[in-house]
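One structure is given here, and the rest of the page talks about it.
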Amino acid sequence: CTPRVSMSQLLPLELVDKCIGSRLHVVMKSEKEFVGTLLGFDDFVNLVLEDVTEFESGPEGHKVSKLEQILLNGNNIALLVPGGEGPAV
């Protein structure tokens with residue numbers, strides 16, 4: 001997603017809105033990260049993603065899973081990276 005307005009004139013939710021239909025890298029507060037196509041969101045930044053890759057790191061190493069669709073709770077999101085492709089595994 002590429003905003004056509006200068007960043008100083010763009011509110012956070014407007015930037016997320018411009019990312020609908022684009023790939024988005026979501027870093028959670030936990031040990032998980034998701035990369036998927038943004039289908040929609042609400043005022044609480046709960047996100048619906050499709051064609052999702054889930055990255056999870058833990059004591060056992062890295063785990064990668066594919067999901068068709070997911071709903072992420074905005075309370076647990078730490079960072080959104082428009083166009084991001086996820087962590088290097």
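Listed by first and then second residue, the pairs with beta-carbon distance under 7 Å, at least 6 apart or on different chains, first residue in the range 45-59 and in contact (Cβ under 8 Å) with a residue 24 or more places away in the chain and of a type in the set (A, V, I, L, M, F, W, C), second open to solvent by 60 Å² or more (accessible area, probe 1.4 Å) and assigned to a loop (DSSP other than H, G, I, E, B), are Phe55/Val89.
For the range 26-48, enumerate the residues that are more than 12 Å from Leu72 (Cβ to Cβ) and not β-branched (Val, Ile, Thr). Glu31, Asp43, listed by residue number.
The values are calculated or read from the model by the stated rules, or taken from the named source; none is laboratory data. Just so it is clear, the model here is predicted, and its values are computed rather than measured. Here Cβ is always computed from backbone atoms with ideal geometry, including for glycine, and neighbour counts include all displayed protein chains. Accessible surface areas use protein heavy atoms only, side chains included; no ligands, DNA or RNA. Shrake-Rupley method; radii C 1.70, N 1.55, O 1.52, S 1.80 Å.
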